[in-house]
1. Mind checking the range B:281-314 for trypsin sites (Lys or Arg not before Pro) that DSSP puts in a loop (not H, G, I, E or B) and that have at most 15 other Cβ atoms within 10 Å?
2. Is the shape of the range A:171-266 rounded, prolate or oblate, going by the alpha carbon gyration tensor and its root eigenvalues a ≥ b ≥ c, with a/c under 1.5 for rounded and a/b larger than b/c for prolate?
3. Counting only other residues whose beta carbon sits under 13 Å from that of B:Ser422, what net charge do I get with K and R as +1, D and E as -1?
4. Round to a whole angstrom and tell me the spacing of the C-alpha centers of the range B:430-496 and the range A:140-168.
5. Using a 10 Å cut-off around each Cβ of peptide B:389-395, what is the average number of partner chain Cβ atoms that fall inside?
6. Near B:Ser150, within a Cβ-to-Cβ distance under 12 Å, what is the net charge of the other residues, with Lys and Arg +1 and Asp and Glu -1?
7. Rank by packing, highest mean first: peptides B:428-441, A:449-462, A:308-321, with packing defined as the count of other Cβ atoms within 10 Å averaged across residues.
8. Indicate the gyration tensor shape class of the range B:240-377 (rounded, prolate or oblate), computed on the Cα atoms with a ≥ b ≥ c the square roots of the eigenvalues: a/c under 1.5 is rounded; otherwise a/b larger than b/c is prolate and the rest oblate.
Amino acid sequence: MFRLQTIGRGYLCSGILEQCSSEFTTKTLRHLSSVWKQSRDIEVEGVKSLSTAEASAVMPKDENGRIRDRILTLETMSPLVKAVEYAVRGPIVIKAGEIERELNQGIKKPFTEVIRANIGDAHAMGQKPITFLRQVVALSTFPELLESPSFPEDAKNRARRILQDCGGNRSYSASQGLEIIRENIATYLEHRDNGIPADPNNIYLTTGASDGIMSILKLLVTGDGLSRTGVMIPIPQYPLYSAAISELGAVQVNYYLDEDNCWALDVSELHRALSSARKYCTPKVLCIINPGNPTGQVQSRKCIEDVIHFAYEEKLFILSDEVYQDNIYSPDCQFHSFKKVLFEMGPEYFNNVELASFHSTSKGYIGECGFRGGFMEVVNMDPDVRTQMIKLLSVRLCPPVSGQVAMDVVVNPPQPGEQSFEQFAKEKKTVLRELARKARLTEEILNSVPGIKCNPVQGAMYAFPRIFIPPKAIQEAKPSSKAKSLADLHSTKKKVQQLPRSATLNRDKGYSSLPLCINQDIPFANIPTSKGQPLCLFDKNDVNFDLIDKKALQHMQELMISIVMCQGIDLSLHINELKMDMVHKTKYSIVFKCEIHGAAPRGYPSCENK
Amino acid sequence: MFRLQTIGRGYLCSGILEQCSSEFTTKTLRHLSSVWKQSRDIEVEGVKSLSTAEASAVMPKDENGRIRDRILTLETMSPLVKAVEYAVRGPIVIKAGEIERELNQGIKKPFTEVIRANIGDAHAMGQKPITFLRQVVALSTFPELLESPSFPEDAKNRARRILQDCGGNSLGSYSASQGLEIIRENIATYLEHRDNGIPADPNNIYLTTGASDGIMSILKLLVTGDGLSRTGVMIPIPQYPLYSAAISELGAVQVNYYLDEDNCWALDVSELHRALSSARKYCTPKVLCIINPGNPTGQVQSRKCIEDVIHFAYEEKLFILSDEVYQDNIYSPDCQFHSFKKVLFEMGPEYFNNVELASFHSTSKGYIGECGFRGGFMEVVNMDPDVRTQMIKLLSVRLCPPVSGQVAMDVVVNPPQPGEQSFEQFAKEKKTVLRELARKARLTEEILNSVPGIKCNPVQGAMYAFPRIFIPPKAIQEAKALGMAPDMFYCLQLLEETGICVVPGSGFGQRNGTYHFRMTILPPVEKLKLLLTKVKEFHINFLQQYASSESTSR
């Protein structure tokens, strides 16, 4: 077996070499490392499925320094991190980057540019920054500009006040954020919520809203098995939530938004989701995204009241993601903050319901994503837990101060009578008017397409149209046992990459078929057999099929796994059984059908003898 | 029992009422909430020890809405987060804030200001920012300034090049999760220059939100297993408490190795062996953290020592995390900074092809000291390509590090060159900062060593002194009676009597029976002298106070 793997590795080397070198285009890889690194990368592709112990048993340490397993591999890394998925910057976006590079290299495509509509990144899409915000940030970054006559006084005043609150100029701030900015946020929230009080001590500046959501979830997630914390999230959701839940090892509890009703949230669906989740976890958190991402719906006041009542009754901590609160386009819709509705519902509620709401500089009419500014307001948090949270936040020291300054401008924009007011109001109006127009436009054009249905984009920055996909296309997308998805290992580097990545992930069925074809043209491996004579696959000679026996099959299974692993398909979390049947054999090839069963033990999957 | 608790709560109300109202000074707490919140806070104080089930059994929901247990309490919260400790911003610092407020309210103290020597925050201590850096950040924030004649061309060029790499030419776009490409290229060039031409690949470089963020991300990938197979993380003692905090948060196992105080806090490989083999009995050590130059210890590792450590990691299959944020802060003329990356590559292919290494840098330290920008980067060598994909995925969930921090990092690695317009001013500012720091390092060591009962190793690098203090047995007894670590007791007294805020050694770790504190050397020279003199006086008094009563009690 050891011999097999060593040789297999050697062969894989030559096979993958070409592919590897394409990764080494960067100018900085020079004299020392290039040769070494190539062989290193190759080696890992082939060896991945060996455990560290096995590896060191086979491989003498001094063999050119390249045949040692890494400490951190796909198998040894944290399964929590591995389980994280984040589609907004996932495979499609990576592919977009590749296409962009190809276009830059002059490769012809049926289009001349990649339009990145995958993420709500306003400035990258050409939206102009709000001048006043940039002025205040620039002034507080480079206070010499306070002397410059080309900056308006109101921007200077804001910068001066912020600088007074900074230790020196740009020191660490308090972990919770600069006090003056927290005070301005409190004033802003009171104004937004018809005078309902906000306490600066309940406000925490964050590194974008994501950071705040993650911090609160960290505090909330506990338990094991049945007592593990469940986190209720809307479907469709913004994948930060599912990613955070995976990373923390919490249990994701889905509640579905009602597409037929403009993606409204229906409390009976919350009840359904909660009671079914209670069978396998302890739901403790309810996440709300309002206005919705990706769905763009704006919740009615009545709906919010129902949700709060539900959370109150069921003892759920509410996380209310309100980063799109300034992005409301439908004239019939109005933004109501959870905090406001909570307080209007009376002391029974506002004294009891624990609520964290989130805001950010990245959205609204500001769209300053790069500053990573944001804040959260937490009401009814236990004072002891608050101390714990501040401790947790203090380990990261503080959110970026320029993001805090940007947040300050969001909550404390120029007022009527101030020098910059007119320009600011004009810029703000332009952005919001354009967005409203684009929301309508998107909905209208999409709805004019047969087979596409788009709900009104009431708010936020996205359309989430439903698309009709013909059955034939669905078939083609799904892994099939037909030749199309057979991976021809002759061209390992190209074809194997086309292996259906979803092949292992068909959790509904509990298993899936992963057809693999091993073509004899590629020199691949010597398989040990019980007969003492190795079975030499793919060495341009006819395969001696008589040699295929239990032991050989077992080794071939392992080989399969390492091939599949090579493609980055994560089997370790899902396999507890791998069945291989020889489907047919010809003079030149054997086709195996692999069935991968179940979800289970980590690490190297157990193989059954057949 | 239920009755008792209900009544107890009632009593607590009146008892705590007065205390509570002092918390409600903010102007914004008005009509609706003040009464309700007070009673709510009180209730929690009194009810905390009830479980949720008990609580709801006792307390009907409609009783004025105030007698319901919270969902998130000290009992129900994550035990991992609860276990996190972070002394640098811990109780002493909170106390310092209280004293500052009292001073502002006019309350008389034996001092007029609190000197915060607890954290390496250069600008808060009066260090001037490097002009060129601020110019580049301001220009890229507000590109209209590119037209202004008052900014130098070299700063404008840098800002223009960075903006070209930003989506929509705006600092307000998300960058790639790994950081702006042009900045990663500049970092690679900088690293090659620093490491005598050893190549650096921009694809191995990741911009981070301060170095802390990078350290946390790598640890997240590394920590796995249960019981015996749980990942152990080796850290120096004394350490920078980010490490212990991250280890707690991730539920990893902290494996201590002790630095040798008698030998200028040097790292001794035999101690690594000892720590490793004892740890293997209860966990699976997989990570070795190194802080060089040391925080809080200020030692600079020799090339030989680094080689030994790398060999050890190679032999024992440990992933190295090398925290090198103080690489520009070297003061002793006999010491030189060697990066782990450089030494690793100089040790030959056997090592540089095998040893997995992540090294960290930051904008917060060095001669730049831009803590608020939260800029930083890490370089990761020999990372499995699949794991790299996983890491980029993990980083992408946070979208990107703050772009202005990335710009600040760019200036650190790509400062004005000789011949450029800003070079002269930049070089002067840099030299001033570093010269001052070296002077303060010497001064601190000298004055501290002149105090009986204080011993301070040379501050070879970084920004801190970590002197050993003798605490008389009587004081130790008194501290223990108060349930306090003796050095915490010492530091609290120091704070209350002199207004000087330093962090007790127990927050960083120290050998049993030894006591230390960490202070930053960053205050301006005159203030630092004053500070050290006050420490001296305090310590002598402290010794007398506890020595005399000790002798009488014997």
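Laboratory data are not the source of any read-out in this text; all were calculated from the coordinates shown. None of these values were measured; they are calculated from a predicted model. Here Cβ is always computed from backbone atoms with ideal geometry, including for glycine, and neighbour counts include all displayed protein chains.
1. Passing both the DSSP loop test and the Cβ count: B:Lys281.
2. Details: a/c = 2.51, a/b = 1.42, b/c = 1.76.
It comes out oblate by the Cα gyration axes.
3. Details: positive: B:Arg134, B:Lys156, B:Arg158, B:Lys428, B:Lys430; negative: B:Glu153, B:Asp154, B:Glu420, B:Glu424, B:Glu429.
Neighbour charge sum, excluding B:Ser422 itself: 0.
4. Measuring centre to centre over Cα atoms gives 37 Å.
5. On the way: counts 3, 9, 3, 3, 9, 8, 2.
Whole-number average of other-chain Cβ neighbours for B:389-395 is 5.
6. On the way: positive: B:Lys156; negative: A:Glu144, A:Glu147, B:Glu147, B:Glu153.
So the environment of B:Ser150 carries a net charge of -3.
7. On the way: B:428-441: 17.3, A:449-462: 19.6, A:308-321: 21.8.
Result, highest mean Cβ count within 10 Å first: A:308-321, A:449-462, B:428-441.
8. Values: a/c = 1.44, a/b = 1.22, b/c = 1.18.
It comes out rounded by the Cα gyration axes.
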